[in-house]
């Protein structure tokens, strides 16, 4: 079936704290609820991405956020449209009319939310197949609503004055369809995640994510505030997650274990910790990630594509500081120009390479500073270091604490000091002062 025959529309919201998943604020807090919403949207986008160019084109219809913010979040692989005003029924009806009657109309359109982790590519494909023989396809939710609706033509009667957010939505929709003499195909019933009692549904979904050939190694020292979300993000991408802890006293290691990461402990020191994590890794590709850095949700695809290029021995992501500061943009520009021209990324860009390559060169030299620079210097004679376009967002906390100019000056001084042969131990003492 040609792609233009099918369109998948994902309904979601930009994950602003206090505005998303508010029924979970009491259990997770506003930031935690927004993080869960973000993860669930990325989980949905991951399986939806497999339909692009094959079974359907995919649009993301969002509340809150701009198209630029949505693109920065989920990337350029989808079409983004702001939802119209009105209740859920009005917004779905508007989306369906645009999709089924617009200038770029589709024969079949299904709308899904992001609250149902049991929803998958396979179910979406069956929904499109069912529309070949039926007028409506519905995915029943355990709470009496539906997680998917698919139509061949808009039917306003299915949406007007519907008792949304009640357990009557599914049955009322089926009854209205019968009155319209529409044939209905029902998919399997699935559970969604709306309230604290539903959270085990989400945790079970994470456990069942398809694995990738990727081990993510995260060195930590008192990173309790970052660990839970970061580990969950990596596991949702199918990675093996190894937290290499250097003696945290704030519960970082316990949080990592609770979120199903492998935890290894060692003496403090990023190089020592990352070597310990690499020894525990079991998958074919290693990715070293600072605890205050976030990768794009589809980072495994970028890693696989980069390492498949001829002559590429390792890679990293484009450098980005997670702030709107103009000073940050200037620093990023200079850093990314250097990376592209000299193929010398640093550790806060998510360095990755094949496990056998890492061990063949002896891993990180266990020095107290510049371990990433030293590793990349030894990798360069082995092949090309790819710096991919997708960004790694690193926390601005270090720049904001010392100031952008001072932090940049310190970084440059350490690099030149190392190149001039000043011992790393002396550089570390100076840098910490």
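The values are calculated or read from the model by the stated rules, or taken from the named source; none is laboratory data. Owing to the predicted nature of the structure, the values given are computational and were not obtained by experimental measurement. Please note: Cβ atoms are built from the backbone with ideal geometry, for glycine as well, and neighbour counts cover all protein chains shown.
Side notes on the structure shown:
- Counting only residues that are part of a helix (DSSP H, G or I) and surrounded by 13 or more Cβ atoms within 10 Å (Cβ to Cβ), region 404-433 holds 15 of them.
- Given (1) modelled with pLDDT of 95 or more; (2) surrounded by fewer than 21 Cβ atoms within 10 Å (Cβ to Cβ); (3) touching a strand residue (DSSP E or B) at 6+ places or on another chain (Cβ under 7 Å), number of the condition residue 109 does not satisfy: (2)
- Listed by first and then second residue, the pairs with beta-carbon distance under 7 Å, at least 6 apart or on different chains, first residue in region 70-96 and surrounded by fewer than 17 Cβ atoms within 10 Å (Cβ to Cβ), second in a helix (DSSP H, G or I), are 77/49; 84/90; 84/91; 84/94.
- All positions within region 374-397 that are surrounded by fewer than 16 Cβ atoms within 10 Å (Cβ to Cβ) and more than 21 Å from residue 341 (Cβ to Cβ): 397
- Subset of region 173-203 (residues that are touching a residue at least 24 places away in the same chain (Cβ under 8 Å) and outside any loop (DSSP other than H, G, I, E, B)): 173, 174, 177, 184, 185, 186, 190, 196, 199, 201, 202
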